[in-house]
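Reading through the structure tokens given below for one structure.
The values are calculated or read from the model by the stated rules, or taken from the named source; none is laboratory data. Computed from a prediction, not measured in an experiment: that's the story for all the values here. In this analysis, Cβ positions are derived from the backbone assuming ideal geometry, glycine residues included, and neighbour counts consider all displayed protein chains. To get the accessible areas, we keep the full protein, side chains included, count just its heavy atoms, and leave off ligands, DNA and RNA. Shrake-Rupley method; radii C 1.70, N 1.55, O 1.52, S 1.80 Å.
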Amino acid sequence: MKALNNILQKAAVVACLSGSMFWGVSCTANFDEINTNKTKISTIGQSELPYLFAKAQSSSTLSAGNYQIGQNLFSDQYAQYFANIATYFPSDRFVIRMDWIGGPWGVIYTQTVPQLKSIMDNTDPGSAENALASIWWVWTFHRWTDYVGPIPYFKAGEPAQSVPYDSQQVIYDDFFKRLTAAVAVLKTKTSEKPFGSFDLIYGGDVNKWIKFANTLHLRLAMRVSKVDPARAKTEAEAAVAGGTLTTTPDDDALIQRSNKGGDVNGLSIMSPWNEFRMSAAMESALKGYEDPRLPVYFIPAASTNTYEGLRNGLTSTQLTDPANTAATNSRVGPRWDGSTGLETRQNVMATAEAYFLLAEGALNGWTMGGTAKDFYEKGIETSMKQWGVTDAAAIAAYKASANTPIAPNDYLKSPALTNIPVAWGGSEAVQREQIGTQKWLALFPDGFEGWAEYRRTRYPKLYPVANSDNPDIPAGGVLRRIPFLLVEQQTNGAEVQKAVSLLNGPDKVTTPLWWDKN
Amino acid sequence: MGALIVNYFNNLAANYSYLLLYMKQCLLLILWVFLITSRAIAQDQTVSGTVQDENAQPLTGVNVVVKGTTRGTTTDANGAYQLRARSGDVLVFGFVGYQRHEVTLGNQSTLNVRLDPDNQQLQEVVVTALGIKREAKALTYATQSIKPAQLNEVRDANIVNTLQGKIAGAYITQGSGGVGSGSRIVLRGNRSIQGSNNALFVVDGVPINNSTYSQPGGDFGAVAGTDGASNINPDDIADMTILRGASAAALYGSQAANGVVLITTKSGKAGRVSVDLNSGVSFDRPFALPKVQNQYGQGVGGVLDPSKGDSWGAAMTGQSYTNYLGQAATYSAQPNNIRDFFRTAAGFNNSLSVSGGSDKMQTYLSYTNNALQGTVPKNDLVRHTINLRASNQITSKLSTDAKITYISQKIDNKPRTGEENAPVFDMYQIPRNISLDDAKQYETTNNLGVPTPTTWPSTLNSIYQNPYWMLNRTAINEQRDRVIGFLTARYQLTPFLSVQGRANLDKYYDKNEESYSQGTILWANQPGGKFIRQNIITTQKWFDVIFEGKNKISDSFQIDYRAGAILQDSRFERTTSTADGLNLPNRFNLNFGSTLSLGDDFVHSQTQSIFGQATLAFKDAIFIDASLRNDWASTLPAPYSFQYPSIGASAVLSDLFKISGPLSFLKVNGSYAQVGNAASAYLLNTNYSYSQGAGAGFISRDATQAIGNLKPEITKSLEFGIEARFLSNRLGLNLTAYKSNSVNQLLRLNLAPASGFTDQYINAGNIQNQGVELVLNGNAIKNDNFTWDVTFNASLNRNKILRLSDQVKRSTLGSTERSANPIVQEGGSYGDLIAYRWQTNPNTGQYVVSAAGLPVQTTGLEYVGNFNPRYLLGLTNSFNYKGITLRLLVDGRIGGVATSGTEMNLAFSGIPEVTAQHREGGWVLPGVTAAGEQNTTPIRAEQFWQTVSGKRYGWGEFFTYDATNFRVRELSVGYRIPLPKMFIKTAQLSFVARNLFWIYRGSSILDIPGLGKRKMWFDPDVNLGNGNFQGVEYGTLPSNRTVGLNLKLSF
């Protein structure tokens, strides 16, 4: 037994020594600390909210690569600001590549929505910060409901296995309510600077945010003007009474971009990729009108030193024709240069648009505080100034110009886009087309808004898309929406099925949205 | 007894905080049981003698045991031993690699013994999990050993690649990162979707870090990183054993579900000092390059256009033209422009080792230098490995063993892999009429003295650049300093019980730098260029204490057992500094950066474990084996704990029953094991990330929902084996069948993004692998002058995804919808590839053709095959004739497919050989239109290929190949130079070669009417990376054919 004791003592000593050497006394006490990620933040307090707001602004406006897969490959082409020249991208021929567009969809719901919800949940509903988050919520969601129609809205950002869709009509109703409420709050907070420099658009300038909210309100009112004229009039007049954007560049909503963290201007980063060029539609209008914005919007083609565009929807083989290549067509303008333009501020909403909305409102007989012609011309002038055209004589000449779009002499030998001049016309039909066409030129390069307004008004009279690879729509047809996303069908299938009934039509690209009465 | 211990450990596992107390109690129990069962022994006489090997050299470390007792000793440096025994006792002499020898003792006091080598490795001792040495026949699971000579003769920069064809059930692919790139070894099929499927590498009992820090997750490409295993120096390896299944590896717990590659490194031997020199030189050339056409040059539509990168131009007949540089030139084919871009890569491997010592202390010291070139110009690897091992017998009971290995590795100009502006892919795009002399004029200097790219006729000038610019104006350099060391102390508590403590450190410092000159497409967006530096520190610490014992219970029963505790701690620290834009152009240092950004990564995890294992032997012929392990992992929610058992049995029937006839040995075994995997760190809580951006930057919530109730993954594995030998062990057969189910997989599933999260982790799924492995070896001819040995291995694995989850039925293994996509889908197999295909009429099966006479695409991605082989085969023949040895390894795979994104991309531009056909038109595809009418519209090749390949995105089916292939993998011819008695003892000179030639290659799966099938031109063993994204070749580097000479000298 003595020997056994001896052995045990030795064993115990070794075990204890090694045990304490390895673990100390307590073994798993520090596991929670070990499993805490020190490169991240585990709890959010008030001091983090400004960073969340900045992220919400940056993400929903689509920076860097998300701009391409969310906007440039879709609405920018459907608004015919640009035409695709990459042989491997079919979206210009109406094929909706769900794997691409699913990316920015995810960005909105996971990088914008949770941030805004955190702010709204952690601030007083009567605070300026809460109001800004609410306005940004509306701006963010209107772009996506105008892409798809019914979308998850009221339950968005609430962790669950499935999230219901809401009809576009009730979403718009909430938009109007939110904007009205936010402006009411902000009017009592004009001395504050919510989020300060973290607000990447206005630096916390409450007065500008009031104008922004009212202009957005007016934009949305105009959008429903065909489906619900009475509501549109009421909402539009209320918005205008509160004051819309008036001056450029002071009031223009442009978001900062930064090289830091790759948060760069999306159009700039992709411009050297040579995957898109000026559209034939832009060429026809800008060249025909001898538009001073042409050298701002585009760069002459490398091989000809002239401004050249191509038609939307060319096939891969057509795109290998010398007339349709990167070298023979115009690249997007110098401010979107691939290296010097990465921090170029990105358009969110500009003053010029406000005047065109006022012009159309006046033509509708709404109380807008002026005449359609004055607002139309003010819109042109504001847009010119926004893009750096300051020569008053040139602007005046443009406003009075009888020039009309020209035939672009492209690969398909296309005719002129339309025959209307810039100078204010005599008939309402001409005037409506003029407002639509000039607003389209002014909105450049905002394809989200350009495509939405084209679907509502069918202005400008864009070229038919040359080919369709989508069996649901013939060549020359008009794409009316983005179908429900594949990622949603895979992950939220039951709710997507229910959402089809909110569409009033099949889940196809040809089904018009609620406000689209064409 | 085994059950008792298991039970005890079960209780023990219940409350870890009392670990030490329990261990003491446990130990007490074990000791008590064995002490009362040990019998007292009278020791009558002293026997001494020496043990020699077949060459009459003394053998050190031979176990000499009195049979049926625990009494024993080992031979010293002179092969001498001494012990007490009595007449009639049987002395058993055992040594690794030698046949066991038994002698019944008479009255003599001297007993000299000569041991015969055991070529069949039957009675041998095998190193198993945790470095525990066990008798091979007691194992209840399959293992396979590889001789060091098979690893350090025909070499590869990554030792993993040299295992190809030698191990049953191992599927090895190498990454496409140039020399020193990481490799992937999968044993018994893929089982993890999110995690690694790579086998665990264990050196001297302790797992080493084998992570690859940079991994292509899609075919756009990436810098394919170096792995940890490639640092292992084959010259220091004494033994390599592959534990294929979870049963074998259960003691490693968390990391062992994928099987284990166990490596034992050399240690010093007492007695004579030996010096070994292994010196090799080798030359590599690309083995598989794209097959290109040499009839048509630059242009489109059959018209010469020197500004175009595509080769759809006029036929090349030696016309005079002005080339893209504005120079007068001849328009003629450059059939070797791709091949000549690659260089003959020289490799030098030199290793010197010194081993020796006294019976109290032995040391092993080695230095190895590997200076290797890649076939892509400028891609060089230099590795220095210094290895020092010291073993000490301090007292008769206390011994220590310590090793330190220092590895310094530098890789210059690592070629980027994949499609996006990578030098090799840029090279493949070269128009068929452009010479390398033209291409070498890749830059001019601008008025500020800065190099500027010369115009280059690229097929896509936004993505692809002159390959010489990429070679000379960009660089990806890596430097690694790594220290691996251990310190072991072992104390013999009683003759039958020992305790061992071990501390192990594996730490490496990586410095990775990327520089891109101003003007580099895609990678340098800002003026001045771009520079990235990563500093990575990877630390893995391991401490364990193991009690080990062995007792005889009765005449028939014997038990051996281990119990121990392990602590493992891993840290990964990385800082990434990026200078995007350089104020001084092309000065690649952070000091010159115009925009600097920093990233900081830190991952820390810890696992603590206790385990017990026991083997009960009956008549030294029936073995029952059980183990239980409990882990506490920091990555799991409290109480952090999980446990898993293993149980197995084996019976050596040939020892139990009298056998006669040709059968000389027969063993059957079976085992069942579970292995857990505790998942990665930081999954339990939702975190917010800060990122740089406009203003003061952003905070965003992570888009993956946390899993608060995270459970460990469990792989359950069952295997049965039979081992038989015939004709006095000249013919051997080893057959194993297994089935494993991996459940509770940590799956990352897509969530409806509207919920605020794009992904969530869940524990679900059931992935099943079933298979059979066969190893046959035979000694066909054996006489004094000539021997012929044959080893054949074959395996098959069938994978089935039994279940994913209720919500999600499909998961992808990488992001791409460009050529083909590897997926995991319920009802399918791991690694099914889906791609766009040519639509067929559902009724008639005829191809559907558009009004323009061109193929019509399927509406969605459809199944085109699976990337895993169905069968793997390897055959080694070794001949030995009077000092001349010849070893030939032929191996291959049957089944599985691989999709070539490279060919898809090049086809759009008229570069592959097949695109030369039907250029002039008149090609009518025999198909029907959607309306069912016979197609009559003629097309040209250009239209056809541009339809099925959109260049960067295309229809994968057209470029998918049956990956079946056989090749002469290794050849070595050696000559043992006869030497007079001098200080050089042996000298062996070998000619060695790898990837000598194809014996068979599969063809494209699609038989395109009018073109037929094409033979696979690429090597499916090379993949973009060594992660789970496999089966798609897109801009991967060619594999290499190697020839070389190797000289081994012993002094």
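Restricting everything to alpha-carbon atoms, can you work out Rg to Rh for chain A with a Kirkwood hydrodynamic radius?
Reported Rg/Rh (Cα atoms, Kirkwood Rh): 1.10.
Write down, largest first, the equivalent ellipsoid semi-axes of segment B:358-481 in whole Å, where each equals the square root of 5 times an eigenvalue of the alpha-carbon gyration tensor.
Its equivalent ellipsoid spans semi-axes of 52, 14, 11 Å.
When the Cα atoms of segment B:717-819 are enclosed in a convex hull and the volume is divided per residue, what value in Å³ results?
151 Å³
Between Rg and the Kirkwood Rh of segment B:793-890, both from Cα atoms, what is the Rg to Rh ratio?
1.24
Looking only at other chains, what is the average number of their beta-carbon atoms within 10 angstrom of each beta-carbon in B:678-691?
The per-residue average across the peptide is 5.
So what does the Cα-only Debye profile of segment A:265-394 read at q = 0.12, 0.18, 0.20 Å⁻¹, as log10 I(q)/I(0), no solvent term?
-0.58, -1.04, -1.16
Need the C-alpha centroid separation for segment A:398-442 versus segment B:187-226, integer Å.
Result: 61 Å between the Cα centres.
Residues of B:605-614, mean number of Cβ from any other protein chain within 10 Å of their own Cβ, rounded to a whole number?
2
Based on the alpha carbon coordinates of segment B:764-843, what radius of gyration and maximum Cα-Cα distance (Dmax) apply, in Å?
Values for segment B:764-843 (Cα only, Rg and Dmax): 21.7, 69 Å.
If one computes the Cα centroid of segment A:270-343 and of segment B:747-761, what distance in Å separates the two points?
Spelled out, the Cα-based centre of one part sits 39 Å from the other.
Return the value, in Å² to the nearest 100, of accessible area buried between chains A and B (probe 1.4 Å, both sides summed).
Summed over both sides, the interface buries about 7000 Å².
Please sort B:539-546, B:777-784 by packing, taking for each peptide the average over its residues of neighbouring beta carbons within 10 angstrom, highest first.
B:539-546, B:777-784
Mind jotting down the three principal axis lengths of segment A:355-478 based on Cα atoms? Whole angstrom, largest first.
47, 32, 27
Taking the Cα-to-Cβ direction at A:Ala475 and at B:Leu505 and moving 7 Å from each Cα, how far apart do the two end points lie in nm?
Computed distance between label sites A:Ala475 and B:Leu505 equals 7.2 nm.
Given contacts defined as C-alpha pairs under 8 Å and at least six residues apart, what's the relative contact order of segment A:35-148, whole-number percent?
31 percent
Could you rank the peptides A:63-70, B:44-51 by their average count of other C-beta atoms within 10 Å per residue, with the highest value first?
Final packing ranking: A:63-70, B:44-51.
Over the Cα atoms of segment A:193-331, how large are the radius of gyration and the largest Cα-Cα distance (Dmax), in Å?
Final numbers for Rg and Dmax: 20.4, 55 Å.
Could you work out the equivalent-ellipsoid semi-axes for segment A:146-244, taking the square root of 5 times each eigenvalue of the Cα gyration tensor, largest first, in whole Å?
Whole-Å semi-axes of the equivalent ellipsoid: 25, 21, 10.
Computed FRET efficiency, Cβ-Cβ of B:Leu596 and A:Thr306, R0 51 Å: what is it to the nearest 0.05?
So, using R0 = 51 Å, E works out to roughly 0.80.
Step by step: find N for segment A:42-107, compute 2.2 N^0.38 Å, then divide the Cα radius of gyration by it. What's the final number?
1.44
At q = 0.24 Å⁻¹, what log₁₀ I(q)/I(0) does a Debye calculation on the Cα points of segment B:173-268 give, no solvent, two decimals?
-1.31
Leaving out same-chain residues fewer than 8 places away, which lysines sit with a Cα under 22 Å from that of A:Lys177?
Once the sequence-local lysines are set aside, what remains near A:Lys177 is A:Lys117, A:Lys155, A:Lys187, A:Lys189, A:Lys208, A:Lys211, A:Lys226, A:Lys233.
What size of dipole, in debye to the nearest 20, comes out for segment A:92-235 about its Cα centre when the only charges are +1 on Lys and Arg C-beta atoms and -1 on Asp and Glu C-beta atoms?
460 debye
Find the relative contact order for segment A:225-365 and round it to a whole percent, using C-alpha pairs within less than 8 Å whose residues are 6+ positions apart.
36 percent
What value in Å³ per residue do you get for the convex hull of the alpha-carbon atoms in segment B:578-718?
219 Å³
Starting from the Kirkwood radius over alpha-carbon pairs of segment B:122-217, derive D by Stokes-Einstein at 10 °C in a medium of 1.306 mPa s and give it in µm² s⁻¹.
Diffusion coefficient, whole number: 104 µm²/s.
To the nearest Å, what is the center-to-center distance of segment B:797-813 and segment B:435-508, using C-alpha atoms only?
35 Å
Per the 1.4 Å probe, what fraction of the accessible area of chain A, in percent, lies on carbon and sulfur atoms?
That share works out to 53 percent.
Can you give the calculated 222 nm mean residue ellipticity of chain A, where each DSSP H run of n ≥ 4 adds -39,500 (n - 2.57) and the sum is split over every residue, rounded to the nearest 500 deg cm²/dmol?
Counting only the DSSP helices, I get -13500 deg cm²/dmol.
Once you have the Kirkwood Rh of segment B:346-418 from its Cα pairs, apply Stokes-Einstein at 4 °C and 1.567 mPa s and quote D in µm²/s.
Rounded, D is 88 µm²/s.
Could you order peptides A:186-196, B:519-529, A:73-83, B:103-113 by the average number of other Cβ atoms within 10 Å of their residues, highest first?
Result, highest mean Cβ count within 10 Å first: A:73-83, B:519-529, A:186-196, B:103-113.
Residue-wise, which Karplus ³J(HN,Hα) couplings in Hz belong to segment B:512-525, taking 6.51 cos²θ - 1.76 cosθ + 1.60, θ = phi - 60°, and x for glycine or proline?
10, 10, 10, 10, 10, 5, 3, x, 7, 4, 6, 9, 10, 8
At a 1.4 Å probe, what is the % contribution of carbon and sulfur to the accessible area of segment B:776-831?
The value for segment B:776-831 is 51 percent carbon and sulfur by accessible area.
Using 7 Å Cα-to-Cβ label points, what is the A:Asn518/B:Ile659 separation (nm, one decimal)?
8.5 nm
Over the whole of A:254-263, what's the average partner chain Cβ count within 10 Å per residue? Rounded to a whole number, please.
6
Which lysines have a Cα lying under 19 Å from the Cα of B:Lys541, excluding residues fewer than 8 positions away in the same chain?
Reachable lysines: B:Lys403, B:Lys507.
Out of the DSSP beta bridges found with both residues in the protein assembly as shown, what percent are antiparallel (nearest 5)?
95 percent
Determine the share of segment B:305-458's accessible area contributed by carbon and sulfur atoms, expressed in whole percent, with a 1.4 angstrom probe.
That share works out to 55 percent.
Size of segment B:215-323 along its principal axes in angstrom, Cα-based, largest extent first?
77, 40, 20
Taking only protein heavy atoms and a 1.4 Å probe, what accessible area per residue, in Å², does segment B:585-689 have with all protein chains in place?
39 Å²
If you average 1/r over every pair of different alpha-carbon atoms in segment A:443-504 and take one over that average, what Kirkwood value in Å do you get?
When all Cα pairs of segment A:443-504 are included, the Kirkwood radius is 14.0 Å.
In square angstrom, what is the accessible area per residue of segment B:312-394 with a 1.4 angstrom probe?
On a per-residue basis, segment B:312-394 sits at 41 Å².
Excluding ligands, DNA and RNA, what is the solvent-accessible area per residue of segment A:84-206 at a probe of 1.4 Å, expressed in Å²?
Result: 28 Å² of accessible area for each residue.
Name the residues of segment A:99-124 whose accessible area, probed at 1.4 Å, falls by at least 50 Å² once all protein chains are in place instead of their chain on its own?
Residues meeting the cut-off: A:Thr110.
Just to compare against my own numbers: the Cα pair-distance distribution for segment B:251-296, 10 Å bins, whole % per bin, please.
In order of increasing distance, the bins hold 13, 18, 18, 27, 13, 8, 3, 0 percent.
Measure of size requested: the Rg and Dmax of segment B:877-1033, with Cα atoms as the atom set and Å as the unit; please supply both.
Just the Cα atoms of segment B:877-1033 yield Rg and Dmax of 23.8, 88 Å.
Work out, in µm²/s and without decimals, the Stokes-Einstein translational diffusion coefficient of chain B at 4 °C, 1.567 mPa s, Rh from Kirkwood over C-alpha pairs.
41 µm²/s
For the protein assembly as shown, what ratio Rg/Rh do Cα atoms give with a Kirkwood hydrodynamic radius?
Over the Cα atoms of the protein assembly as shown, Rg/Rh equals 1.02.
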